[in-house]
Amino acid sequence: MKFLTFCLVFIGILFAKDIKPFLEIDIGAGSIAKDIALVEDDRIVIGTTKSEAKVYDYKNKKFTLTIKIPQIKDFMGDTIEASVSSVDYNSGRYLLLNDSGVGGYSDLRIYENNKTTDIFTPKDKFPIIRAKFVDKDNIIMGFLSNEIALYNLKDKKLVYKKQLSPSKFSNFSLNKEKTLAAFTCESGEVAVVKPLTGEVVKVLSGVNVDNVFDVDIQNGYVSTAGKDRRAGWYEIKTGKGDYIQGKFFVYATALSPDASLAAYAMDENNDISIYNLFMKSLKYKLKGQRSTLNKIIFKDMDTLFSASNDNIVIMWKLK
């Protein structure tokens, strides 16, 4: 079986198609793209290190909105730019998260109708690492302590807040339908959660043996990107998983909508490898990313976006 797996991977490498960027989006010199999320009507929102989120129309190739947030003070008391580390969009609302610079606590804001509203400030003492919409009125959050929480905007209160494990939180992702979320941590485990209730429906383990940097969940499957250099995946129903061993840290991952393709940032050249998940064969090699990957997202089966530690967000077309 190991020999067969090796042969499939080797054949995939031989016949993989190299893909060049379809479109490069420059967010400005000195700025770094920390997170990206899809917006309706052919747009994406980009969280940056320049105290702003920028909305880009990739059909008409222009920025349509810039959302500014206040600068922050560092531990020395100097004023610096805030880094918008997590962004999302739902029904006219933009969600922006940044480190406040105060005790490791976070600022979480909603931007809607040309107005920015605070949800949490450093006074709330919430070390939120990532936040996403479940729907227009509910936000799911991952905390440094590997706690998860759901906040309701209408009621202005936490619906629940619970500990997943003692391990340090790494990342989480929601499926397209927003019915399941995959949370991962320093231990390498993945908890599959119902976001509206916090119920853990499955704990996936065994594929990664170290910190998982990134995770995605689509169509009954989960993909993982590990510090152990494993590009992994699980079938949620059976709990069974597998991985492709890389030669470099795997920093980011994404699944196609039907989960037949898995994208991984897994080499020192910052290329994105796209595998046929079930054959473990390399189909495409996306070449052109200049820095360490922060985020990869599929828009559809043939279109991806990626962001890295520089000022260029790339749009890719597989066909």
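Descriptive notes on the structure:
- Among the residues of region 219-253, those identified as touching a Lys or Arg at 6+ places or on another chain (Cβ under 8 Å) and part of a strand (DSSP E or B) are Thr224, Tyr234, Asp242, Tyr243, Ile244, Gln245, Ala252.
- Hey, Glu177 charged (D, E, K, R) and under 22 Å from Tyr89 (Cβ atoms) or not: yes
- Selection count, region 54-68, where residues are of a type outside the set (A, V, I, L, M, F, W, C) and within 22 Å of the chain's Cα centre (by Cα): 6
- Residue within region 156-167 that is touching a Pro at 6+ places or on another chain (Cβ under 6 Å) and of a type in the set (A, V, I, L, M) present: no
One line per residue, one yes/no per condition, for (1) of a type in the set (Val, Ile, Thr); (2) at pLDDT 95 or above:
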position: Gly241; (1), (2): no, yes
position: Phe249; (1), (2): no, yes
position: Tyr275; (1), (2): no, yes
position: Gln289; (1), (2): no, no
position: Asp300; (1), (2): no, yes
position: Thr303; (1), (2): yes, yes
position: Leu318; (1), (2): no, yes
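- Residue match in region 64-86 (condition: of a type in the set (Phe, Trp, Tyr) and either under 27 Å from Met266 (Cβ atoms) or modelled with pLDDT of 95 or more (or both)): no
- Leu153 modelled with pLDDT of 95 or more and more than 18 Å from the chain's Cα centre (by Cα): yes
- For region 271-284, the count of residues that are over 23 Å from Glu24 (Cβ atoms), free of Cβ contacts under 8 Å to residues at least 60 places away in the same chain and of a type in the set (Ser, Thr, Tyr) is zero.
- Some residue of region 135-154 being in contact with a Gly (Cβ under 9 Å, 6 or more places away or on another chain), hydroxyl-bearing (Ser, Thr, Tyr), in contact (Cβ under 8 Å) with a residue 24 or more places away in the chain and over 19 Å from Asn219 (Cα atoms): no
- Ile140 meets the conditions (1) more than 15 Å from the chain's Cα centre (by Cα); (2) over 23 Å from Tyr264 (Cα atoms); (3) assigned to a strand (DSSP E or B) in every case but one. The failed one is (1).
- Strands (runs of 3 or more DSSP E) contained entirely in region 163-208, each with at least 2 residues that are under 20 Å from Ala252 (Cβ atoms): 169-174, 181-185, 190-193
- Counted residues, region 209-267 - those being acidic (Asp, Glu), within 26 Å of Thr303 (Cβ to Cβ) and free of Cβ contacts under 8 Å to residues at least 40 places away in the same chain: 2
- Residue list for region 179-193, filter: touching a Ser or Thr at 6+ places or on another chain (Cβ under 7 Å) and surrounded by fewer than 22 Cβ atoms within 10 Å (Cβ to Cβ): Glu186, Ser187, Glu189
- In this structure, Tyr221 does not satisfy being touching a Leu at 6+ places or on another chain (Cβ under 8 Å), over 15 Å from Lys280 (Cα atoms) and aromatic (Phe, Trp, Tyr).
- Residue in region 179-196 that is modelled with pLDDT of 95 or more and over 19 Å from the mean Cα position of the chain (by Cα) present: yes
- The listed residue being on the phi > 0 side of the Ramachandran plot and not hydrophobic (A, V, I, L, M, F, W, C), out of Lys132, Lys176, Lys194, Lys125: Lys125
- Filter result for Leu204 (within 23 Å of Asn90 (Cα to Cα), crowded, with 19+ Cβ neighbours inside 10 Å, outside the structural domain of Val159 (by TED's automatic domain parsing) and touching a strand residue (DSSP E or B) at 6+ places or on another chain (Cβ under 7 Å)): no
- When the test is whether a residue is of a type outside the set (Ser, Thr, Tyr), within 23 Å of the chain's Cα centre (by Cα), modelled with pLDDT under 95 and crowded, with 16+ Cβ neighbours inside 10 Å, Gly12 does not pass it.
- Any chance Phe126 is under 28 Å from Lys176 (Cβ atoms), part of a loop (DSSP other than H, G, I, E, B) and either at pLDDT 95 or above or not basic (Lys, Arg) (or both): yes
The values are calculated or read from the model by the stated rules, or taken from the named source; none is laboratory data. Small disclaimer: the values here were computed from a predicted structure and weren't measured. Methodologically, a virtual Cβ is constructed for each residue, glycine included, from the backbone with ideal geometry; neighbour enumeration extends over all protein chains shown.
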